[in-house]
Amino acid sequence: MNNKLTDVSPTVSQTPFDIPIRKDLRWDFSNVPVDFVKGRSPLIGYFWGAFSMAAPPVESFFIKALLPTLETIENDEKLLQDCRDMIKQEAQHSSVHRKLNQQLEKNGYDVESVTKIYDKVIAKVTEGLTAVDMMGVAAAGEHSLYSFAQVWHENPEFNDDMHEQAARVFHWHFLEEAEHGAVSHDQYLYFGKNNYWHRLKMAFRSRHLFFMFDDAVDVIAEGLGYKPTLRDRWDLFYYKWFKPGIFRMLAFRFMEYLSPRYSLTFDHDDIQTMKRWNDNLYASQPPEA
């Protein structure tokens with residue numbers, strides 16, 4: 001991983017390092033069980049399963065949002081390279097999550113029905129949007145994932161009870177979301193000229209993406225023949241909003257994106273933190289077959 005801060009001016013890029021493309025990672029999901037988050041309500045495992053199933057369609061949307069205008073970026077080679085590298089990372093996310101999802105499908109998760117839910121929501125979110133609108137939605141969505149990454153890595157209790165093979169893919173995914181967290185917004189600024197009201201409008205448009213997991217959890221439970229109790233639903237609600245409170249922390253961080261002065265910068269401490277996350281990722285590399 002190239003974690004050296006470099007001089008990247010003049011550019012609109014807020015990413016002062018080269019975004020790494022990790023082609024040497026090995027994955028093994030063969031032992032991921034049905035309930036891969038132990039000691040909690042099954043719905044919490046279903047929630048993380050729903051997140052994994054969202055990766056291919058959502059990452060595909062991000063790529064489609066960034067790709068059409070990519071080669072029209074002029075006089076900013078750093079931004080252009082950031083966008084290309086982000087797209088490569090996103091493509092790998094889709095590919096690896098599909099492998100995890102295949103294991104979940106073997107376990108009885110209804111991946112097909114959940115994917116249909118996501119496709120329908122994404123179609124609703126993107127209906128009638130221009131190319132700049134699409135970038136605005138993608139920028140809001142990517143900031144959410146950047147926020148997700150910070151919350152995940154700063155609160156190890158989120159994966160304490162998760163099967164190690166599943167936890168590793170989320171660790172990797174969120175590391176890379178942190179690395180390219182500024183890129184879609186930078187491309188949006190390049191073409192959208194920092195229109196604040198347009199940013200708010202597109203952020204509001206993206207709201208549907210946050211609520212589609214609830215329907216997915218119910219579909220997963222139904223497919224597995226599990227009937228959630230009121231206690232199950234309370235446990236999931238408490239997990240998301242109170243303790244650890246992943247959605248509560250996400251909501252706080254998303255408010256940063258709604259500020260007129262929003263920017264995303266990286267300093268040496270950020271770089272060293274991501275280097276540590278990267279080292280932990282490779283330390284858990286499964287042996288070669």
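The values are calculated or read from the model by the stated rules, or taken from the named source; none is laboratory data. If you're wondering where the values come from, they're calculated on a predicted model, not measured in any experiment. Because the Cβ atoms are built from the backbone with ideal geometry, glycine has one as well, and the counts that use them run over all protein chains shown. To get the accessible areas, we keep the full protein, side chains included, count just its heavy atoms, and leave off ligands, DNA and RNA. Shrake-Rupley method; radii C 1.70, N 1.55, O 1.52, S 1.80 Å.
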Whole-number accessible area per residue in Å² for the chain, which is evaluated in the context of all protein chains at 1.4 Å: 47 Å²
Whole-percent carbon and sulfur share, accessible surface of segment 10-123, 1.4 Å: 51 percent
Gain upon complete extension [K99, L230; 0.36 nm per residue less C-alpha separation]: 43.9 nm
Separation in nanometres of the label points that stand 7 Å from Cα toward Cβ, at L129 and S60: 1.6 nm
For Cα extents along the principal axes in Å, calculated from these coordinates, the label among [x] 52, 42, 37; [y] 57, 54, 36; [z] 56, 44, 31: [z]
The chain: calculated mean residue ellipticity at 222 nm from DSSP helix runs of at least 4, using -39500 (n - 2.57): -21500 deg cm²/dmol
Peptide ranges 262-273, 239-250, 53-64 listed from the most packed, as the mean C-beta count within 10 angstrom indicates: 53-64, 239-250, 262-273
For segment 20-99 versus segment 168-190, the gap between their alpha-carbon centres in whole angstrom: 10 Å
Protection-proxy order for peptides 215-228, 274-287, 24-37, each taking the mean of Cβ atoms within 10 Å per residue, highest first: 215-228, 24-37, 274-287
In sequence order, calculated HN-Hα J values of segment 275-283 (Karplus, 6.51, -1.76, 1.60; Hz; x Gly/Pro): 5, 5, 4, 5, 4, 5, 4, 6, 5
For segment 43-55, 3J(HN,Hα) per residue [Karplus equation, 6.51 cos²θ - 1.76 cosθ + 1.60, θ = phi - 60°, Hz, x = Gly/Pro]: 4, 5, x, 5, 4, 5, x, 5, 5, 4, 5, 6, 4
Whole-Å semi-axes of the ellipsoid equivalent to segment 1-129 (Cα gyration tensor, √5λ, descending): 33, 20, 12
K201/R26 FRET efficiency (R0 45 Å; Cβ-Cβ; nearest 0.05): 0.60
Under the Karplus curve 6.51 cos²θ - 1.76 cosθ + 1.60, θ = phi - 60°, whole-Hz ³J(HN,Hα) for segment 228-245, x wherever Gly or Pro sits: x, 8, 4, 5, 4, 5, 5, 4, 5, 4, 5, 4, 7, 10, 10, 9, x, x
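Could you put F211, F170 in order of accessible surface area, largest first, with the 1.4 Å probe and the full protein assembly present?
F211, F170
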